[in-house]
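> So that we are looking at the same thing, I have put the structure below in structure tokens.
The values are calculated or read from the model by the stated rules, or taken from the named source; none is laboratory data. The model shown is predicted, which means the values in this text are computed figures rather than measured ones. In this analysis, Cβ positions are derived from the backbone assuming ideal geometry, glycine residues included, and neighbour counts consider all displayed protein chains. The accessibility values were calculated without ligands, DNA or RNA, using every heavy atom of the protein model including side chains. Shrake-Rupley method; radii C 1.70, N 1.55, O 1.52, S 1.80 Å.
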Amino acid sequence: MQPIDVGDLQLDDQHDTRQTALFHAIREKIVQDLWSKGSRLPSTRKLAVELSVSRNTVIYAYDQLVTEGYIESKQGSGFYVSVEQPEHFLSLSQSSNVQSSQDLSTEVDTPSGARVTPSDINRGFAPGVPDLDAFPFAKWQRLLQRHATRQNIAGNQDVQGSLALREALSGYLASSRSVRCHADRIMITAGAQQAISIGLMATLAMGDQILVEEPGYRQVHKIIDLLKLELDGVSVREKVGLDIEKVLSSNAKALYITPSNQYPMGTTLNTEQRLKLIDWANKNQSWIIEDDYDSEFQFAHRPYTSMQGLAGKLGFDDRIIYVGSLSKVMFNGLRLGYLVVPENLVARCLEIKEALTGDTAAHTQEALADFVQEGDLLRHIRKMRRSYKLKHEAMIEAIQSEFHGDLEVISQAAGLHVTVKWSNGISEQEWSRRAELENIIVRPLDFYEYGSSDFRDWHGAVLGFGNIRLADIKPKIKQIARLFYQ
């Protein structure tokens, strides 16, 4: 295959760093099929000389391109354009070449800033997306390469997941969240959503009633509908939290809950409330599915002990299913989560996982085990906790400045989002629509409601700040404030 001539490769000054500019420049060449699949890229040293940049700049860009699947590294040979490209960019490049006259006419009438590309789903106040620029991808790539040639993990693997990763997570969860478990009770899954699905399938039958926070995590609504369970919403009120009394008076078979930072209302359960729910589950022989969402990022107070950990102290953890994910801590594309279940549920959960998907990507698990064991995960969490705290403070300050008291922040100082409410003026749906036209995501609160939002006499929205630069927060808030008042 003919080697690539970098030719007119240009670094766009609009990007924050030269590393990021080079990454985007090369990716654009690949996406537009200007650099052929399988072609060899210049060496890092040669490209650095041709572009008059440091070699570290090129190494960073190449590492990021490898991580995202645009190029691949062949030991002792160099870097090559991947034959199989990320699917959404393939469809983008194909659709850009074949457009109907209707598409073209629509494009003429649409401002360039309003065109939505696949990457836009992670920008502009998108909830649930961490700071992707801050993740140590170069380190992560080295860990992946460390295990890439291990033949003993290239075949079929244990459906429960890598023992090394389960042992690493057992230690991490015990120290950070007081979760009481050993590796044999942990199952590695393809994200938290699969973990929740397996937990519900292992414990409930069609028609069983499950209590769910309202408003709450939309993906859980989908799982419940798919499994034909009976959903009973438990209201979560602003700055008050879950209606504990409704739960205590219910005979439901299960309760799904996000006690550390309720999504999207941003409330938390204190220790007394957690103990009441544990007692309810024990007395009624009901299940609690604890999704420990955003537990790592509390800014106003120390995190409370997990419900699973509290129950373990009392000897009642056989009614708790603990769900976790590393998507918000590391990056969404990792798609690895975990499930901690009582010993008597392990076999049933493994049967379900084997039927659904079988084992999980082995090399990624082994790299993640090293990332946890060698302290990189903890270092990253500590760094991001400081960063997100600054971003949260900037969000609060900018909202107060630009909305003059018309918008109230009702969520606690935690996590990667703020939830706001207002009573007069624009509807949440219209604000979201206007923002979308300017490539910004303002998530209306009714997105998280299973039933109707007619009972609310106020409007609400969720604004994510994880993946927005600190310096961009104020101008972006100013931009959506203009849309709010126009």
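> Has segment 248-255 got at least one residue that is part of a strand (DSSP E or B), under 20 Å from Leu339 (Cβ atoms) and either in the same structural domain as Met384 (by the TED database) or modelled with pLDDT of 95 or more (or both)?
At the first step, the residues of segment 248-255 found to be part of a strand (DSSP E or B) are 254-255.
Adding the requirement that they be under 20 Å from Leu339 (Cβ atoms) leaves 254-255.
Restricting the remaining residues to those that are either in the same structural domain as Met384 (by the TED database) or modelled with pLDDT of 95 or more (or both) gives 254-255.
Yes, that holds for at least one residue.
> Looking at segment 412-442, which of the residues that are in a loop (DSSP other than H, G, I, E, B) and among the β-branched types (Val, Ile, Thr) is farthest from Tyr388 (Cα to Cα)?
We begin by selecting, within segment 412-442, every residue in a loop (DSSP other than H, G, I, E, B); these are 412-413, 415-416, 423-427, 438-442.
If we keep only those that are among the β-branched types (Val, Ile, Thr) as well, we get 426, 440-442.
Values: Ile426: 29, Ile440: 20, Ile441: 19, Val442: 19 Å.
Looking at residues that are in a loop (DSSP other than H, G, I, E, B) and among the β-branched types (Val, Ile, Thr), I get Ile426.
> Select from segment 286-304 the residues that are assigned to a loop (DSSP other than H, G, I, E, B) and either free of Cβ contacts under 8 Å to residues at least 60 places away in the same chain or under 20 Å from Ile196 (Cα atoms) (or both) and list them in ascending order.
So the first thing to find is which residues in segment 286-304 are assigned to a loop (DSSP other than H, G, I, E, B), and the list is 286, 292-297, 299-304.
Ser286, Asp292, Tyr293, Asp294, Ser295, Glu296, His301, Arg302, Tyr304, listed by residue number.
> Is it fair to say Asp446 is outside any loop (DSSP other than H, G, I, E, B), at pLDDT below 95 and either within 28 Å of Asp16 (Cβ to Cβ) or open to solvent by 10 Å² or more (accessible area, probe 1.4 Å) (or both)?
Working: outside any loop (DSSP other than H, G, I, E, B): yes; at pLDDT below 95: yes; either within 28 Å of Asp16 (Cβ to Cβ) or open to solvent by 10 Å² or more (accessible area, probe 1.4 Å) (or both): yes.
Yes; evaluated as a whole, the condition is true for this residue.
> Pick from segment 305-319 the residues that are in a loop (DSSP other than H, G, I, E, B) and under 20 Å from Gly171 (Cβ atoms): which of them is most open to solvent (accessible area, probe 1.4 Å)? Step through it out loud before you land on a result.
The first filter runs over segment 305-319 and keeps only residues in a loop (DSSP other than H, G, I, E, B), leaving 305-306, 315-316.
Subsequent filtering for residues that are under 20 Å from Gly171 (Cβ atoms) retains 305-306.
Values: Thr305: 40, Ser306: 0 Å².
Per the criteria, the residue is Thr305.
> Specify the residue that is nearest to Gln141 (Cα to Cα); the eligible residues are those in segment 21-55 that are part of a loop (DSSP other than H, G, I, E, B) and of a type in the set (D, E, K, R). I'd like the intermediate steps shown before the answer.
First, pick out the residues of segment 21-55 that are part of a loop (DSSP other than H, G, I, E, B): 32-39, 41-43, 52-54.
The next check asks that each one be of a type in the set (D, E, K, R); those that pass are 33, 37.
On the way: Asp33: 25, Lys37: 21 Å.
Within segment 21-55, the match that is nearest to Gln141 (Cα to Cα) is Lys37.
> Answer yes or no: is there a residue in segment 322-341 that is touching an Asp or Glu at 6+ places or on another chain (Cβ under 8 Å), at pLDDT 95 or above and hydrophobic (A, V, I, L, M, F, W, C).
Yes, because at least one residue in segment 322-341 is touching an Asp or Glu at 6+ places or on another chain (Cβ under 8 Å), at pLDDT 95 or above and hydrophobic (A, V, I, L, M, F, W, C).
One line per residue, one yes/no per condition, for (1) crowded, with 18+ Cβ neighbours inside 10 Å; (2) in contact with a helix residue (DSSP H, G or I) (Cβ under 7 Å, 6 or more places away or on another chain); (3) at pLDDT below 85:
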{"position": "His15", "(1), (2), (3)": "no, yes, yes"}
{"position": "Ser39", "(1), (2), (3)": "no, no, yes"}
{"position": "Phe79", "(1), (2), (3)": "yes, yes, no"}
{"position": "Val98", "(1), (2), (3)": "no, no, yes"}
{"position": "Ser101", "(1), (2), (3)": "no, no, yes"}
{"position": "Leu104", "(1), (2), (3)": "no, no, yes"}
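> Give segment 314-326 a look and list any residue that's touching a residue at least 24 places away in the same chain (Cβ under 8 Å) and either among the polar types (S, T, N, Q) or within 17 Å of Arg180 (Cα to Cα) (or both), or say none. Steps first, please.
Taking segment 314-326 as the starting set, the residues that turn out to be touching a residue at least 24 places away in the same chain (Cβ under 8 Å) are 314, 316-326.
Leu314, Phe316, Asp317, Asp318, Arg319, Ile320, Ile321, Tyr322, Val323, Gly324, Ser325, listed by residue number.
> Are any residues in segment 234-252 of a type in the set (Gly, Ala, Ser), under 13 Å from Ser286 (Cβ atoms) and open to solvent by less than 20 Å² (accessible area, probe 1.4 Å), and if so, which ones? Please lay out each step first, then the result.
Going residue by residue through segment 234-252, those that are of a type in the set (Gly, Ala, Ser) are 235, 241, 249-250, 252.
So of that shortlist, the ones also under 13 Å from Ser286 (Cβ atoms) come out as 249-250, 252.
Of everything in segment 234-252, those that are of a type in the set (Gly, Ala, Ser), under 13 Å from Ser286 (Cβ atoms) and open to solvent by less than 20 Å² (accessible area, probe 1.4 Å) turn out to be Ser250, Ala252.
> Just need a number here: residues in segment 171-189 that are closer than 20 Å to Leu314 by Cβ and either open to solvent by less than 40 Å² (accessible area, probe 1.4 Å) or outside the structural domain of Ala311 (by the TED database) (or both).
Total meeting the criteria: 5.
> May I pose another question? Looking at (1) surrounded by 17 or more Cβ atoms within 10 Å (Cβ to Cβ); (2) in a loop (DSSP other than H, G, I, E, B), can you tell me which one Val58 breaks?
Result: Val58 passes all but (2).
> To continue, here is another question. Among (1) in contact with a strand residue (DSSP E or B) (Cβ under 7 Å, 6 or more places away or on another chain); (2) assigned by the TED database to the domain that holds Ala205, where does Asp318 come up short?
With respect to (1) in contact with a strand residue (DSSP E or B) (Cβ under 7 Å, 6 or more places away or on another chain); (2) assigned by the TED database to the domain that holds Ala205, Asp318 is out only on (1).
> Moving on. Output the number of the condition that Val341 fails; it satisfies all remaining conditions of (1) more than 19 Å from Val220 (Cβ to Cβ); (2) touching a residue at least 24 places away in the same chain (Cβ under 8 Å); (3) hydrophobic (A, V, I, L, M, F, W, C).
(1)
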